[in-house]
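Take a look at the structure below.
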Amino acid sequence: MPDSENENIEIKCLVEAIYQKYGYDFREYAWDSLKRRVMAILKEQKIKNISQMQHRIIYDKAFFLLLLSNLTVNVTQMFRNPSFYRKLRKNIFPRFKEYPFIKIWIAGCSTGEEAYSIAITLKEEGLYKKSQIYATDISIPVLEKAKQGIFPVGMMKDYTNNYREGGGKKSFSEYYTAKYDHTILDKTLRDNITFADHNLATDSSFGVMDIICCRNVFIYFTRSLQSHVLKLFNESLNHGGILCMGSQESIMFIEDAVDYFEELSSTESIYIKK
Ligand SMILES: C[S@@+](CC[C@H](N)C(=O)[O-])C[C@H]1O[C@@H](n2cnc3c(N)ncnc32)[C@H](O)[C@@H]1O
């Protein structure tokens, strides 16, 4: 049997061991990117083979947490894909102007940049006070970072450009204070955000929402996990609720999607619950 096939068997056993021991389910993650990440950690940590890695994961929780933070890709930005925020301001948020209360779930929020960007957009559109944002992720370390709302000062130039391109109405610097090499976001942006641990693969609905954003997360899932999570989103949305995916993540090819959702924007991958 070629080495790569043996490696595949070992990685499948590793993923099963993680699930049995810690309850984190990576069994339905897109294979190539999962394998790439496992092999990179193997090399970086100078571990002889995957079986040895499995032994360490079972007996050493700190090592497991290190692996976990490497298996989940946490790349994010404030106002990532600015045209999405323009669409929110122009076409999506106005639908909720008359609502007494708006519940928004940001699933796979990473270190919080997306949640804070949505909070700023809601504020500028006069909707923040009646909104509650639930921002969730599988990874506890990224959630701890998200709660702090502290970001490297070096990112602010790009974020300012994104904010402007996304239709920002003020000077972006009004939302943070710079201190040495980092910036602290305006604490009031956190008032209506709850950060919580939630695993899309294994946990049940997080409550009934008006808007769900799950951007740049589905790309890491197999089609069958995507289909499972889409059902969860359908159950978790009010009638006429909005689902926002990453711009490259059309859901229209996922099983049953057309039964649950209608496309509102193909360029921004925004859908309405039927
Ligand atoms: C690439 S980031 C996307 C962050 C943000 N949504 C954005 O678009 O910038 C993907 C996030 O999904 C999270 N994630 C991966 N698997 C998950 C799961 N099963 N349940 C919840 N979050 C998950 C990762 O921890 C990571 O923070």
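The values are calculated or read from the model by the stated rules, or taken from the named source; none is laboratory data. Please read these numbers as outputs of a predicted model, since none were measured by experiment. Here the Cβ positions follow ideal geometry from the backbone for every residue, glycine too, while neighbour counts run over all protein chains shown.
With the requirement that a residue be surrounded by fewer than 16 Cβ atoms within 10 Å (Cβ to Cβ) and within 13 Å of Ala107 (Cβ to Cβ), what does segment 205-227 give you? Reasoning before the result, please.
First pass over segment 205-227, keeping only residues surrounded by fewer than 16 Cβ atoms within 10 Å (Cβ to Cβ): 205, 207-208, 219, 222-224.
Ser205, Gly207 - these are the residues of segment 205-227 that are surrounded by fewer than 16 Cβ atoms within 10 Å (Cβ to Cβ) and within 13 Å of Ala107 (Cβ to Cβ).
Within segment 94-132, the set of residues being closer than 11 Å to Thr76 by Cβ and outside any helix (DSSP H, G or I) comprises Ile106, Gly108, Cys109, Ser110, Thr111, Gly112. Taking Gln132, is it surrounded by fewer than 19 Cβ atoms within 10 Å (Cβ to Cβ), under 18 Å from Ala196 (Cβ atoms) and touching a Lys or Arg at 6+ places or on another chain (Cβ under 6 Å)? Here the answer is yes, as Gln132 does meet what is asked. With respect to Ala135, determine if the residue is of a type outside the set (Phe, Trp, Tyr), in contact with a strand residue (DSSP E or B) (Cβ under 6 Å, 6 or more places away or on another chain), part of a helix (DSSP H, G or I) and within 11 Å of the ligand (Cβ to nearest atom). So Ala135 does not fit the description; no. A single member of Gly246, Gly241, Gly207 is of a type outside the set (A, V, I, L, M) and either within 13 Å of the ligand (Cβ to nearest atom) or in contact with a Ser or Thr (Cβ under 6 Å, 6 or more places away or on another chain) (or both), and it is Gly246. Within segment 1-29, the set of residues being surrounded by 16 or more Cβ atoms within 10 Å (Cβ to Cβ) and among the hydrophobic types (A, V, I, L, M, F, W, C) comprises Ile11, Leu14, Val15, Ala17, Ile18, Phe26. Glu165 meets the conditions (1) touching a residue at least 24 places away in the same chain (Cβ under 8 Å); (2) among the acidic types (Asp, Glu); (3) surrounded by fewer than 14 Cβ atoms within 10 Å (Cβ to Cβ) in every case but one. The failed one is (3).
Which residue out of Tyr116, Tyr163, Tyr128 is more than 12 Å from the ligand (Cβ to nearest atom), within 24 Å of His182 (Cα to Cα) and in the same structural domain as Thr202 (by TED's automatic domain parsing)?
Only one candidate qualifies: Tyr163.
Here Phe79 clears all of (1) closer than 24 Å to Leu237 by Cα; (2) away from the ligand (no atom under 16 Å from the Cβ) except the condition numbered (2).
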